[in-house]
Amino acid sequence: MKKISILIPCYNEEENVVPLSKAIIAELNASAPSYDYELVFIDNCSSDNTRPLLRELCKTNPKIKAIFNAKNFGQFNSPYYGLCQTTGDCTILMCADFQDPIAMIPELVKEWENGYKIVCAIKTSSKENRVMRFLRSCYYKMIKKMSDVEQIEHFTGFGLYDKSFIDVLRQLDDSTPFLRGIVAELGFKRKDIPYQQQKRAAGKTHNNWGTLYDAAMLSFTSYTKIGLRISTIIGFSFAAISIVIAAFYLVMKLMFWDRFVAGTIPILLAVCILGSVQLFFIGLLGEYILSMNKRIMHRPLVVEEERINFDVSQEN
């Protein structure tokens, strides 16, 4: 009997974990009764009642498992680590707030049975804020054009991954993984399925401008060279312009054109422009260095505090 793993990363989702688990199990029993299953929650150090509720779920159903992180390890490390802990023939990754439609599970499994190792759910429409939707679309198109690696537009990670691809994830030595990019770069035969993203069922979203910025910069520094190339080209250009201006200024000074060269406003303006450009690209280079530094340190993806309903052979 084939086994389907459902991985659900969560953080402060006390209003959603219980109804979500019931809805998923009901869907699996109705549409995939010939499959075994496991439901794996990985909690990123919730501060509400999420963990006690997960403990109760694990007590009532041994097929429901839980991993409790020792602290919040971020929006990328925790789901990636959770994928590597699943034991099914395939794993479906979905969010804990009902934005990823549970009714899509049979369609994902069907395409997997048709031979696709990865089935990506692509947001063709969304009930989120229109401004946010527009900004996301602009970002995806920009990163797709700049990246040397294929980028999947409006792919959040929701989808199905064959066990063979999960094995690839386990072998990667990346302490700052960006799953969406890895799927596009190292993924096997893939099928994209469109869907409309739903509104959050309950609770508040944990995404903010800070987390969105982290996601954008991780993708940018991991899969593009254009930032470094632009800084190099502009640096050379401004250096050449500066040399020409300096030579021109020297000639004018030697010719005693004091009225022409005495003004300080143009010089101050030039200094401000050059300084701002330098600061911008120093910051951009810093983002690349920060990304490199996190990978060089080889820190663990997460540190577990507790895991429930896992076999002894699966204990870390």
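Pull up segment 17-40, narrow it to residues that are without any contact (Cβ under 8 Å) to a residue 40 or more places away in the chain and under 19 Å from F98 (Cβ atoms), then point me to the one that is surrounded by the most Cβ atoms within 10 Å (Cβ to Cβ). By that ranking, first place goes to L39. The set of residues from segment 107-119 being more than 13 Å from F188 (Cβ to Cβ) and touching a Leu at 6+ places or on another chain (Cβ under 9 Å) comprises L108, V109. Might you let me know whether segment 125-135 holds any residue that is at pLDDT 70 or above, in contact with a helix residue (DSSP H, G or I) (Cβ under 8 Å, 6 or more places away or on another chain) and not in a loop (DSSP other than H, G, I, E, B)? So far as segment 125-135 goes, no, none of its residues is at pLDDT 70 or above, in contact with a helix residue (DSSP H, G or I) (Cβ under 8 Å, 6 or more places away or on another chain) and not in a loop (DSSP other than H, G, I, E, B). Residues in segment 87-104 that are hydroxyl-bearing (S, T, Y) and surrounded by fewer than 23 Cβ atoms within 10 Å (Cβ to Cβ): T87 only. For segment 41-54, a residue qualifies if it is crowded, with 16+ Cβ neighbours inside 10 Å and in contact (Cβ under 8 Å) with a residue 24 or more places away in the chain, and the qualifying residues are F41, I42, D43, N44, C45, S46, T50, L53, L54.
Applying a threshold of 6 Å to beta carbon distances and a minimum spacing of six or more residues, or different chains, the list of pairs starting in segment 58-69 at a residue that is of a type in the set (V, I, T) and ending at one that is surrounded by 14 or more Cβ atoms within 10 Å (Cβ to Cβ) and not in a strand (DSSP E or B) reads I64/L57; I64/C58. Among the criteria (1) among the β-branched types (V, I, T); (2) assigned to a loop (DSSP other than H, G, I, E, B); (3) modelled with pLDDT under 75, the one T211 does not fulfil is (2).
The values are calculated or read from the model by the stated rules, or taken from the named source; none is laboratory data. Quick caveat: nothing in here was measured; it's all calculated off a predicted structure. When we count neighbours, we look across all protein chains shown, and the Cβ atoms used for this are built from the backbone with ideal geometry, even at glycine.
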